[in-house]
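The values are calculated or read from the model by the stated rules, or taken from the named source; none is laboratory data. For clarity, every value in this text was computed on a predicted model and none was experimentally measured. No Cβ is skipped: glycine too gets one built from the backbone with ideal geometry, and neighbour counts run over all protein chains shown. Keep in mind that these areas ignore ligands, DNA and RNA; they rest on the heavy atoms of the full protein, side chains included. Shrake-Rupley method; radii C 1.70, N 1.55, O 1.52, S 1.80 Å.
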Amino acid sequence: MGSVSLHNINKSFKAVDVIHDVALEIEDGEFCVLIGPSGSGKSTLLRIIAGLEEVTTGTVSINGKDVTELPPKQRDIAMVFQTYALYPQMTVAENMGFALKLAGMPKAQIAEKVRQTARMLELEPLLERLPKALSGGQRQRVSMGRAIVRDPSVFLFDEPLSNLDAKLRVQVRGEIADLHRRLGTTSIYVTHDQVEAMTLGQKIVVLRDGRVEQAGPPLTLYNDPINTFVASFLGTPSINLIEACVEMRGGEAAARLPDGALLPLGSGHDCREGQAILYGIRPEHVGIVAGGQEGGITATIHAVENTGSDMVILSDAQGFRVSAAFKEQRPLEPGQTVTLIPDHSKVRVFDAGSGKRIRRHENS
Amino acid sequence: MWFHSKRLRWTIPWLFLAPALIVFTWFKFVPIIRGLVMSFYKVRFSGSDQWVGLANFERAFSDSALHAATLNTLIYVVSTTIAGGVLSFAVAMALEGQARHIRIIRTAIFIPAVTSIAVLAEIWRILFYPGATGVVNQMLGVFAIAPQGFMSDPDQALFIVILLQIWKNVPYNMVIFIAGLASINRELYDAASVDGASALRKLWHVTIPGLVPAFSVVIMLSLIRGFRVFTEVYTTTGGGPADATEVIMTNIFKTGFERFDYGYAAAVSFLLFAFTVCLTIVHVTVKNRIDRT
Amino acid sequence: MKMTIPQRIARGLVYALLLIVFCGPFWGIVATAFTKNTVQPGQLVLWPSNPTFDHFIYAWTEVKIWIYLFNSLFVVAIATVLQTLVSALAAYALARKKFRGAAIVSLAIISTMMLPDEVIAIPLYLILHAELPLLHTSIYNTYAAMILPVVGWAFSVFLLTEFMKAIPRDLEDAARVDGANELQIFWRVVLPLVRPALGTATIFGFLMIWDQYLLPLIAVDDRNLYTIPVVLRSLRVDEVLQQNIFIAVTVIATVPCIVVYLLLQKQFNRGLMSGAVKG
């Protein structure tokens, strides 16, 4: 049991509003990721859920119980911190058992619980060590163990991987996903890394300037972003957003790009002749053929990034840049002229002024 | 529990501060205010005190004994600051490093800095005993110099007391300089060597600029210690002979506790306090200006 | 860098000179205190001839130096513990809490750092004589009169505040999430983390309190409550007392400071260094 719901949360420090009217429902057992750039309020929101920060208005409920006024220890939550926040003077076992000790649990029982958790996380040989004698990855694991041992309703993670090196990050990410599958505990996870968000989250909440921009399953957000912010925040390399102008051709809308290319948008878009739009297409939905050709964007390659598994092409068209990505290896060189052909069914159109998505009508 | 109640949460910091606030209020703030108030009165033991306005302060500006004591204090401050600063810098340069024998020597010569002034004063009285049997006089005797009066000679007494202060301060300041030296980026020395700088140039262009914060602390400590000096003088000479070593604080002490002229003593104390505060403000301002450049 | 032989000799001479100047006198009083033969006033010996403990025994039993030693140690022990505890409590509030009035409290406390204790000697003397509020009794002529005035020490408060400010917020939050209340956070999380600073505050406090001279002078006039620094002066005036015995007393008075310094040297140097580096 561990649903979390936030109602109309507002938070201001002095005169600055950092959280605006956030409402969120997180179901029991769900893995929810809060993502956003720094200053988006994601950490503040997590601290509000933890009870470390007070709300200005609004309510926080855990398991259907209003906990807005309760201190952290009465909220049945555990938290994993970015810096791990292990007590340096306590051994691993003491760190993990500290909350249970404060709660007045008998010593033997604490030892037993700590041992169980340690076994699960393969921390048993480290129990008597001090945090300073552990590697970064081990510390991270201890800080998770400290949360798990309490068997809370909700886990809160505050950027738990950002202090690890790249390789370890991938490994621990897998372990966290694993753990969630095994324990099934509701988890709320703050990150600024969209890969973590996409791989871990069952629900992703994109925040900007203290507001929820969009919330939903990862692929929904990826495929169906509500605005340019969400579209460009998720996915690497980031989505191409090309300034364009709508031209209506017998009920079908098309986009006139700055270089003069005219690309079809398909029917049913809610737009009008002459409207300034952003033509959005993800790099992996851009096809590429050598030489100049009709029906695409002619561009010159200025960089080729090859990671072995992926190829990313950065190219200059007249007045804008386009990137394309694909899996297969192709003999492309900088300076080469190519034609880029977007997959018209994957195009996402946004209003240039507001950045809001212009959707297609389903019925047409 | 009560401290979780939102309404009472503001009390938490004050509960933690309460013990400190009580002792500070009763033994610092109240005496400061009381001293300030007293300085406007003539304090009498029978009957109520008499308001005298600024008379105590006016008297301070025309009190020749106080002027003499102030002059002695200035001599004391300037010489302990300059001589103490230069000597401790030299000692720090001589004893810089992490070698074991150097660390042991540093620890050993620190003994005067941790010994109480009362003990140091007794040692000084033995070393500078005016008779022929005194340690220093015996040493001088080797060079065929007649026994000196030292602290019983009005011409020498102040100098001997100043020496005591320097003796105590040098090891203390040395440790501050050593810490300052350790904080200088080693690469600056390497860069200077690559640039072909001589040892003297390194000292001038790398070491001394790097020690500015240490100098600042040492000078400030010397100034504050110097202006408020009491125990060093009181336990060695008591201000004598013939008031030759009388400083502001011993003068105040005698005015207050021997002549029971509390109001006047409080007024002079207040002037000294105000002066120390000004000195600190000047120091902080100068330091900030240096930091900014 | 390799040193040439003359350079080595010069270095050795500098070291020897420093040791003679700063430690020689201490060696002299120790050696003299152990010497059987009576010395002239102002005389020190370099090596104890006929070494003896007699002077110490006499100082202990006849001069009853243990009374004053006990007074000093008692005052310094209680006052140092109280001072460090009170400072740590205040530092916790100043370093870890945001509250209205924090700036004023800080300013008030820091202003006493520039205040020479001697300047408030006279009003303090009167206050020690006066009745305490609520208690309706004066603490004059008690240990409390020598202890309580030194419990509030701005240096100690600010040293600990600086160190407590450096504790990461995450640790405090972790403790809160783990269910610790304010006192538990203070006692089990914050205090262990500033243990080095507590050591520094303790040794500086110890030396400062041990060195108190004017305070015992104005706080007590019962000779049985005198501390070592105060009694030294009155013993010196005592013409009958043999020079060697007086020197033995001086040695006894020196030992506690040196022992404490040697034990807590690391913490002591850290305290001095934090000043030198930060300015």
Inset, instruction - Count, please, the residues in the stretch A:33-59 that happen to be more than 14 Å from every other protein chain (Cβ to nearest Cβ) and either buried (at least 21 other Cβ atoms within 10 Å of the Cβ) or in a helix (DSSP H, G or I) (or both). - result: 8
Legend entry - Lone unmet requirement of (1) among the small types (Gly, Ala, Ser); (2) open to solvent by 30 Å² or more (accessible area, probe 1.4 Å); (3) more than 9 Å from every other protein chain (Cβ to nearest Cβ) for residue A:103: (3)
Legend entry - Within the stretch C:133-206, helices (runs of 4 or more DSSP H) holding 3 or more residues that are modelled with pLDDT under 90: C:154-165
Inset, instruction - Can you tell me which residue within the stretch C:212-248, out of those that are at pLDDT below 85 and not in a helix (DSSP H, G or I), is surrounded by the most Cβ atoms within 10 Å (Cβ to Cβ)? - result: C:241
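A quick yes/no check of all residues on (1) closer than 11 Å to residue C:178 by Cα; (2) hydroxyl-bearing (Ser, Thr, Tyr); (3) at the interface with chain C (Cβ under 7 Å from one of its Cβ atoms):
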position	(1), (2), (3)
A:63	no, no, no
A:66	no, no, no
A:72	yes, no, yes
A:76	yes, no, no
A:79	yes, no, yes
A:91	no, yes, no
Legend entry - Search result, residues across the stretch C:52-70 that are under 13 Å from residue C:29 (Cα atoms) and either modelled with pLDDT under 85 or in contact with a Gly (Cβ under 8 Å, 6 or more places away or on another chain) (or both): C:55
Inset, instruction - Could you please tell me which pairs satisfy a Cβ distance under 6 Å, a separation of 6+ or placement on different chains, a first residue in the stretch C:87-111 that is more than 8 Å from chain B (Cβ to nearest Cβ), and a second residue that is open to solvent by 30 Å² or more (accessible area, probe 1.4 Å)? - result: C:95/C:165
Inset, instruction - Filter the stretch A:83-100 for residues that are open to solvent by 60 Å² or more (accessible area, probe 1.4 Å) and under 29 Å from the mean Cα position of the chain (by Cα) and give the result. - result: A:83
Legend entry - Verdict on residue A:281 being open to solvent by less than 10 Å² (accessible area, probe 1.4 Å), aliphatic (A, V, I, L, M) and touching an Asp or Glu at 6+ places or on another chain (Cβ under 7 Å): no
Inset, instruction - Give C:251, C:260 a once-over and let me know the one that is within 19 Å of residue C:25 (Cα to Cα), modelled with pLDDT of 85 or more and open to solvent by less than 50 Å² (accessible area, probe 1.4 Å). - result: C:251
Legend entry - Where a residue in the stretch C:15-27 is within 13 Å of residue B:113 (Cα to Cα) and its partner, wherever it lies, is surrounded by fewer than 18 Cβ atoms within 10 Å (Cβ to Cβ), with Cβ under 6 Å and at least six apart: C:23/B:108
Inset, instruction - Could you pull out the residue among A:323, A:315, A:309 that is open to solvent by 50 Å² or more (accessible area, probe 1.4 Å), under 31 Å from the mean Cα position of the chain (by Cα), in the same structural domain as residue A:255 (by TED's automatic domain parsing) and polar (S, T, N, Q)? - result: A:309
Inset, instruction - Report those strands (runs of 3 or more DSSP E) wholly inside the stretch A:309-364 carrying at least 1 residues which are in contact (Cβ under 8 Å) with a residue 12 or more places away in the chain and touching a Pro at 6+ places or on another chain (Cβ under 9 Å). - result: A:311-316, A:321-326, A:348-351
Inset, instruction - Give, as residue ranges, the helices (runs of 4 or more DSSP H) completely inside the stretch B:165-250 that count at least 3 residues that are open to solvent by less than 30 Å² (accessible area, probe 1.4 Å) and touching a residue at least 12 places away in the same chain (Cβ under 8 Å). - result: B:212-227, B:231-236
Inset, instruction - Give B:35, B:53 a once-over and let me know the one that is touching a residue at least 60 places away in the same chain (Cβ under 8 Å) and open to solvent by less than 80 Å² (accessible area, probe 1.4 Å). - result: B:35
Inset, instruction - Answer yes if at least one residue in the stretch B:93-110 is open to solvent by less than 80 Å² (accessible area, probe 1.4 Å), at the interface with another protein chain (Cβ under 7 Å from one of its Cβ atoms) and touching a Ser or Thr at 6+ places or on another chain (Cβ under 6 Å), and no otherwise. - result: no
Legend entry - Answer from B:131, B:85 - the residue that is assigned to a helix (DSSP H, G or I) and in contact with a helix residue (DSSP H, G or I) (Cβ under 8 Å, 6 or more places away or on another chain): B:85
Legend entry - Hits in the stretch A:106-146 (condition: in contact (Cβ under 8 Å) with a residue 24 or more places away in the chain, surrounded by fewer than 18 Cβ atoms within 10 Å (Cβ to Cβ) and among the aliphatic types (A, V, I, L, M)): A:120, A:130
Inset, instruction - Kindly provide the set of residues from the stretch B:52-83 that are among the aromatic types (Phe, Trp, Tyr) and under 22 Å from residue B:234 (Cβ atoms), ordered by number. - result: B:76
Inset, instruction - Answer yes if at least one residue in the stretch C:123-140 is away from chain B (no Cβ under 12 Å) and surrounded by 17 or more Cβ atoms within 10 Å (Cβ to Cβ), and no otherwise. - result: yes
Legend entry - Where a residue in the stretch B:260-287 is at pLDDT 85 or above and its partner, wherever it lies, is open to solvent by 40 Å² or more (accessible area, probe 1.4 Å), with Cβ under 6 Å and at least six apart: B:263/B:41; B:263/B:42; B:270/B:36
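Let's see how each residue does on (1) modelled with pLDDT under 90; (2) within 24 Å of residue C:112 (Cβ to Cβ):
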residue: B:17; (1), (2): no, yes
residue: B:23; (1), (2): no, yes
residue: B:54; (1), (2): yes, no
residue: B:57; (1), (2): yes, yes
residue: B:60; (1), (2): yes, yes
residue: B:64; (1), (2): yes, no
residue: B:75; (1), (2): no, no
residue: B:83; (1), (2): no, no
residue: B:95; (1), (2): yes, no
Inset, instruction - Determine which member of the set A:259, A:343, A:270 is open to solvent by 20 Å² or more (accessible area, probe 1.4 Å) and touching a Phe, Trp or Tyr at 6+ places or on another chain (Cβ under 9 Å). - result: A:259
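Here's the yes/no breakdown for (1) over 14 Å from the mean Cα position of the chain (by Cα); (2) open to solvent by 40 Å² or more (accessible area, probe 1.4 Å):
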| residue | (1), (2) |
| --- | --- |
| A:173 | no, yes |
| A:190 | no, no |
| A:195 | no, yes |
| A:200 | no, no |
| A:216 | no, no |
| A:244 | yes, no |
Inset, instruction - Taking the options A:276, A:303, A:290, name whichever one is touching a Cys at 6+ places or on another chain (Cβ under 8 Å) and exposed (fewer than 15 other Cβ atoms within 10 Å of the Cβ). - result: A:276
Legend entry - Within the stretch B:256-280, considering residues that are more than 15 Å from residue B:61 (Cβ to Cβ), more than 9 Å from chain C (Cβ to nearest Cβ) and in a helix (DSSP H, G or I), the one least open to solvent (accessible area, probe 1.4 Å): B:263
